1. Name the single residue, out of those in the stretch 29-54 being at pLDDT below 75 and touching a strand residue (DSSP E or B) at 6+ places or on another chain (Cβ under 6 Å), that is farthest from PHE116 (Cα to Cα).
2. Where in the stretch 55-96 are there helices (runs of 4 or more DSSP H), lying fully within it, with 2 or more residues that are closer than 22 Å to PHE116 by Cβ and modelled with pLDDT of 70 or more?
3. Consider GLY4 against the criteria (1) part of a loop (DSSP other than H, G, I, E, B); (2) modelled with pLDDT of 75 or more: it satisfies all of them except one. Which criterion is unmet?
4. How about the stretch 83-112: which of its residues are open to solvent by less than 70 Å² (accessible area, probe 1.4 Å) and either under 19 Å from ASP30 (Cβ atoms) or charged (D, E, K, R) (or both)?
5. Only residues in the stretch 93-119 that are within 27 Å of PRO19 (Cβ to Cβ) count as the first member; pair them with residues that are open to solvent by 50 Å² or more (accessible area, probe 1.4 Å), Cβ under 6 angstrom, at least 6 apart or cross-chain, and list the lot.
Amino acid sequence: MLVGEDGATDLSTLFTELPPYEQGFMCLADTFNNSKWCIIDAFERVKDVIHMPLNIYSVILQIPLLLKGSSVVLSPNVSCTDCSLATYAIARQFSPLVANETGLYNDIVQHCGKDFVGE
């Protein structure tokens with residue numbers, strides 16, 4: 001959907017058509033960080049790691065690295081944030097696939113620690 005002259009209506013319609021968990025991801029804000037939108041915070045953190053503006057070009061540059069398994073690994077101070085935890089909690093709540101995925105859970109615990117997931 002392209003945003004036209006009535007962009008606000010188009011965007012609000014698009015937003016209301018999203019499943020609840022996707023709406024939740026888009027609305028998360030970090031109250032300890034001046035209520036900054038989590039999605040903006042995540043983009044800024046990744047941008048700082050890849051040392052280039054985060055845009056379609058920089059994302060495309062990362063694809064070959066991801067396929068080779070040599071992409072930038074995000075350190076815990078970038079990936080283990082309150083926003084990341086809230087996103088994971090929403091995904092677990094609304095997706096049985098995520099809730100029952102022990103491999104993902106173990107990867108998160110290994111990367112962020114047991115305290116991150118409340119253990």
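The values are calculated or read from the model by the stated rules, or taken from the named source; none is laboratory data. Fair warning: this is a prediction, and the values are worked out from it, not measured in the lab. Quick reminder, even Gly has a Cβ in these numbers, built from the backbone with ideal geometry, and neighbours come from all protein chains shown. When the accessible area is computed, the model is the full protein with side chains, heavy atoms only, and any ligands, DNA or RNA have been set aside. Shrake-Rupley method; radii C 1.70, N 1.55, O 1.52, S 1.80 Å.
1. SER35
2. Because the criterion is at least 2 residues that are closer than 22 Å to PHE116 by Cβ and modelled with pLDDT of 70 or more, the helices (runs of 4 or more DSSP H) in the stretch 55-96 that meet it are 76-79, 82-94.
3. (2)
4. Those that are open to solvent by less than 70 Å² (accessible area, probe 1.4 Å) and either under 19 Å from ASP30 (Cβ atoms) or charged (D, E, K, R) (or both): CYS83, SER84, LEU85, ALA86, THR87, TYR88, ALA89, ILE90, ALA91, ILE108, CYS112.
5. Hits for this filter: PHE94/TYR21; VAL98/ARG92; ALA99/ARG92; CYS112/PRO76.
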